[in-house]
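Where a number appears in this text, it was derived from the coordinates with a stated rule and is not lab data. Everything numeric in this text was worked out from a predicted model, so none of it was measured. Cβ placement follows ideal geometry from the backbone for every residue including glycine, while neighbour counts extend to all protein chains displayed.
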């Protein structure tokens, strides 16, 4: 399963997903959640970096990517799975 996450509200995430033809949902998260995945530096962050995490079926982190390109990473991730 692929999920995206952003600080942006739902409608902005939906527009972003349409722009890049994502076939997976983008979730709205807070800075605390983004910090746990290495996408924000602290709890007061106003935006997150584009990081990615591949989580194995057992819930462990399989691979972490500190910086990804929104337009290309979904296809790259699918090739890794």
Is there any pair linking a residue in the stretch 45-70 that is over 15 Å from residue 5 (Cα atoms) to one that is part of a strand (DSSP E or B), with Cβ under 8 Å and at least six apart or on different chains, and which?
56/62; 61/53; 61/54; 61/55; 62/54; 62/55; 63/53; 63/54
Quick one: what pairs do we get from the stretch 1-29, first residue touching a residue at least 60 places away in the same chain (Cβ under 8 Å), second surrounded by 14 or more Cβ atoms within 10 Å (Cβ to Cβ) and in a strand (DSSP E or B), C-beta under 7 Å, 6+ apart or different chains?
none
